[in-house]
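Q: What follows is a structure written as structure tokens; I'll ask about it next.
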Amino acid sequence: STSDIDTIKTQNTTCPYCGVGCGVKATIKNNKLVAVEGRQDHPANQGRLCVKGSSLHETANLQNRLLSPKINGQTRTWHEALQHVADGFKQIIAEHGPNSVAFYLSGQLLTEDYYVANKLAKGFLGTANIDTNSRLCMASAVVAHKRAFGADAVPGTYEDIDSTDAVFFVGSNAAYAHPIVFQRINKAKQERDIKIVVIDPRRTATCDIADLHLPLKPGTDAYFYNGLLTFLVDQDYLDKTFIAQHTQGFAQSIAAARQQAPDIATVANICDLPEADVRAAYEIFANNSKVVSLFSQGINQSSSGVDKGNAIINCHLATGKIGREGAAPFSITGQPNAMGGREVGGLANQLAAHMSFNDSDIDRLATFWQASNMARQEGLKAVDLFDAIDRGQVKAVWIMGTNPVVSMPNADKVKRALQKCQLVVVSDCNDNTDTGNLADVLLPASTWGEKSGTVTNSDRTISRQQPFFAAPGEAKNDWQIICDFAKYMGFEQAFDFNHPYQIFAEHAALSGYQRQQSYNRAFDISYFANISQAEYENLKPVQWPVNQANPQGSRRLFSDGQFYTANGKAQFVPITARLPSEQARPNEFVMNTGRIRDQWHTMARTGKVARLLTHIAEPFVQINPQDAARLNIAENDLVECQNQGSTYLGRARLTEDQRVGDVFIPMHWNDAFAAHSRVGALVLDNVDPLCGQPEFKHSPARVRKFEVN
Ligand code: SF4
């Protein structure tokens, strides 16, 4: 009917799930989201969507929305709630100093949300105790990039995976975790028979298209890559011109590599792999001039994740496989805005616009912000932050859009810490999360389809997220909540934003300001410093840097051989590989955690779609049949896993995909679904000393059949 036609509209936006950052066209009919499809004009997905993205319309109008502010479970007005939080923060800061308060953010937040929260904490409250769940997913890659390239910059672009001749998936189950990247690679495989190598202790769905799967001993990746560097030297596969002109530190790196991994036999022995397979993988890397190494959580979530990242990058630098079409070391991030958060200093040890905690950057930012109380020291990283809450050193914490009681390592400790914390504020769209249930103050936040702002995906593409609904009840955008709170704290002027375009413009202006003032940094979107609201609304996907020299953005970095280090040369990093910080004892298993295909994070959204629960409906424990037989465990038996006093229960899934001695457990389930289903409680909170990222891929666990007594 005419009236139906009149009320149909479409809106371009981006998917809120993974770091691929697919463009979505939403169709809204009678104020209901009725369909989603992939945007043909978005460079990340070119029309495709995976099962999670294509079910987005089924997650709109979620149940359990938090509709109004609450204090101790009682509904209150925004004024009462923000006054209460401001009074609490002011009193705690007055009594115990600014580092007694903290914020914990999320890679789901938009760049504008992240920017104002960081501006408030670091510039005006005087604390850098503001970290993010992105610490759990890509902090290792950030430091690896900085060490090698002089800046946290991903060199490649998704187009490189279409045109490459060989893909190495390292610690990446892209088939589940980054499905559209995987589909693009699968297409290249079908069309051009490119070589695919998967390096992962587990045989995953990604191996379905692999020429070679190397199920290496968990945690030995850096030995494998040190061995590759030795092989490239010994077999004369180096790009000597590139090494001489564009890099430094090669001699020290090869010396370190050779010491631990002098030959293929040694590598095969350490990594517990057949020698022939190691050689075959090395030859694929060496013999193809276009190689993309996609690395993800299997590399990053490690107590030596930074070194693993640099071990991979070293091999690309040694062969000049960088800055060219189809050739790149490529970190793919878990979350939709992990990279956008980094741009605005979303980590406790960063400042906005890729600046650091040195005196000149601190002063530069203080001047730009006219900051009244600039933090001058790095803040606490995620694990340390919750430890400080546990010790009573941090007395007030504001958690935005994330569920650390489920997702943090040693999650029962996190839960205890929040239970005894003096003031816990949670802003979320959902009124029933494991973390929100521990809050003193709950603040209703808007969610996907209601929020307006930008995100940056894994290949530096900035895209708009657009609203097509009004937020229900009294829910507000996160940036708005923070700006309102800032006013209650007495910082009216610096947070006088009425629309996210103004925040984006300030962020863009800052990126140009810091760049003029200091050496050649990577992050620069100064082209948008004077963006109008209309231009912002129509912003097309664009890859940073975007400045006067590159107004269309920058697809690939380092094509000119110039890196962001002081002398423009990329840095080889000598790697002394280390095994995971805690090995399993003889009666224990090595416990690995990760994603399944159809769920996202702690299931707050995807867990409510019946269709997405048909793939895998229950928590499980993946175990090798030999181990299962030894423990008298049959398929579908309930299995009990224990570590550090906490218990996880799941159904046994017997599979040869799992190495003997290892188990795999999904990260998604939580107490809202079933008791003892938070695997985070069993994960050790050991971290990489260089970046603070926890070792989610390697904890010991005792495993047995669950017997009902
Ligand atoms: Fe969304 Fe990631 Fe799937 Fe793309 S690949 S549709 S961004 S979940």
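Just so you know, all these numbers are worked out from the coordinates, no wet-lab data involved. Model, not experiment: these values are computed from the prediction. Glycine gets a Cβ as well: all are built from the backbone with ideal geometry, and neighbour counts include every protein chain shown.
Q: Taking the beta-carbon count within 10 Å as an exposure proxy, list VAL660, VAL424, VAL679 from fewest neighbours to most.
A: So the residues, fewest neighbours to most, are VAL660, VAL424, VAL679.
Q: Let's see if you can work this out: charge +1 on each Lys and Arg Cβ, -1 on each Asp and Glu Cβ, no other charges. What is the dipole magnitude of region 471-592 about its Cα centre, in debye to the nearest 20?
A: 680
Q: Where a Cα-Cα gap under 14 Å defines reach, which aspartates and glutamates qualify for LYS25, not counting those fewer than 8 residues away within the same chain?
A: Here the aspartates and glutamates satisfying the reach criterion relative to LYS25 are GLU37, ASP41.
Q: Which residues in region 398-433 place their backbone N less than 19 Å from a point set 7 Å from the Cα of GLU582 along the Cα-to-Cβ direction?
A: Correct set: 405-417.
Q: Going by Cα centres, region 485-500 and region 658-709 are how many Å apart?
A: Centre-to-centre distance over Cα atoms comes out at 41 Å.
Q: Separate question: Got a sec? How would MET591, MET374, MET603 order by Cβ neighbour count within 10 Å, fewest to most?
A: Exposure proxy ranking, most exposed first: MET374, MET603, MET591.
Q: How many angstrom separate the Cα center of region 310-357 from the Cα center of region 403-439?
A: Value for the Cα centre distance between the two parts: 30 Å.
Q: Select from region 440-538 those chymotrypsin sites (Phe, Trp or Tyr not before Pro) which occupy a DSSP coil region and have at most 15 other Cβ atoms within 10 Å, ordered by residue number.
A: Loop-located and lightly packed - TYR519.
Q: Arrange VAL397, VAL142 by Cβ neighbour counts within 10 Å, fewest through most, would you?
A: VAL397, VAL142
Q: How many nm is it between the label spots at SER532 and ARG630, if each spot is 7 Å from the Cα in line with the beta carbon?
A: It is 7.0 nm.
Q: If each of GLN562 and ASP496 carries a label point 7 Å out from its Cα toward its Cβ, how far apart are those two points in nm?
A: 3.9
Q: Another one. Report the gain in length on full extension from ASP359 to ALA674: 0.36 nm times residue separation, minus Cα-Cα distance, nm rounded to one decimal.
A: Additional length available on full extension: 108.5 nm.
Q: A follow-up question, please. What share of the DSSP beta bridges in the chain is antiparallel, in percent to the nearest 5?
A: Percentage antiparallel, nearest 5: 50.
Q: Which listed residue (ALA128, VAL142, PHE491) has the Cα farthest towards the positive end of the charge dipole for the chain, taking +1 on Lys and Arg C-beta and -1 on Asp and Glu C-beta about the Cα centre?
A: The one lying farthest along the dipole's positive direction is PHE491.
Q: Just to confirm the filter: which GluC sites (Glu not before Pro) across region 406-502 are DSSP coil and have at most 13 other Cβ within 10 angstrom of their Cβ?
A: Here the sparse-neighbourhood loop sites are GLU492.
Q: Right, here's the next one. Can you give the FRET efficiency to the nearest 0.05 for LYS90 and GLN552, using r as the Cβ-Cβ distance and R₀ = 41 Å?
A: Efficiency, rounded to the nearest 0.05: 0.30.
Q: Considering only DSSP beta bridges with both partners in region 2-59, what is the antiparallel share in %, to the nearest 5?
A: Values: 13 of 13 bridges.
Antiparallel bridges make up about 100 percent of those DSSP assigns within region 2-59.
Q: Taking the alpha-carbon distance from LYS415 and a cut-off under 16 Å, which aspartates and glutamates remain once sequence neighbours fewer than 8 residues away in the same chain are dropped?
A: By straight Cα distance, LYS415 reaches ASP384, ASP387, ASP390, ASP434, ASP440, ASP671, ASP685.
Q: A further question follows. Calculate I(q)/I(0) for region 358-485 by the Debye formula, one identical point scatterer on each C-alpha and no solvent, and give its log10 at q = 0.10, 0.13, 0.18 Å⁻¹ to two decimals.
A: The computed values of log10 I(q)/I(0) come out as -0.44, -0.74, -1.16.
Q: Turning to a different aspect of this structure: With +1 on the Cβ of every Lys and Arg and -1 on the Cβ of every Asp and Glu, and nothing else charged, how large is the dipole of the chain about its Cα centre, in debye rounded to the nearest 20?
A: The calculation lands at about 180 debye.
Q: Please sort by residue number the trypsin sites (Lys or Arg not before Pro) in region 160-222 whose DSSP state is loop and whose Cβ has at most 15 other Cβ atoms within 10 Å. Before the final figure, lay out each step's value.
A: Working: sites: ARG184, LYS187, LYS189, ARG192, LYS195, ARG202, ARG203; in loops: ARG202, ARG203.
Passing sites in region 160-222 do not exist.
Q: Once you have a ≥ b ≥ c as the square roots of the Cα gyration tensor eigenvalues for the chain, tell me rounded if a/c is under 1.5, and otherwise prolate or oblate according to whether a/b is larger than b/c.
A: rounded
Q: Using only DSSP helix segments of four residues or longer, with each worth -39500 (n - 2.57), what per-residue ellipticity at 222 nm results for the chain after dividing by its residue count and rounding to 500? Mind showing how you got there, number by number?
A: Numbers: 25 runs with 225 residues, N = 709.
So the helix-based figure for the chain works out to -9000 deg cm²/dmol.
Q: Could you work out how much longer the chain between ASN373 and GLU474 gets when fully extended? Use 0.36 nm per residue separation minus the Cα distance between them, nm to one decimal.
A: Values: separation 101, 0.36 × 101 = 36.36 nm, distance 3.14 nm.
Going from the current span to full extension adds 33.2 nm.
Q: Compute the Cα gyration tensor for region 589-705, then decide on rounded, prolate or oblate, letting a ≥ b ≥ c be the square roots of its eigenvalues: rounded whenever a/c is under 1.5, prolate when a/b is larger than b/c in the other cases, and oblate in all that remain.
A: oblate
Q: Given the Cα-Cα distance of GLU283 and ALA265 and 0.36 nm per residue of separation, how much length would full extension add, in nm?
A: Extra length from GLU283 to ALA265 when fully extended: 5.0 nm.
Q: Run through the DSSP bridge list for region 139-332 and note the antiparallel percent, rounded to the nearest 5.
A: On the way: 1 of 18 bridges.
Of all bridge pairs located within region 139-332, approximately 5 percent are antiparallel.
Q: Relative contact order for the chain using alpha-carbon pairs under 8 Å, separation at least 6, rounded to a whole percent?
A: Worked out over the chain, it gives 19 percent.
Q: If you average the C-alpha positions of region 526-598 and of region 149-164 separately, how far apart do those two centres end up, in angstrom?
A: 8
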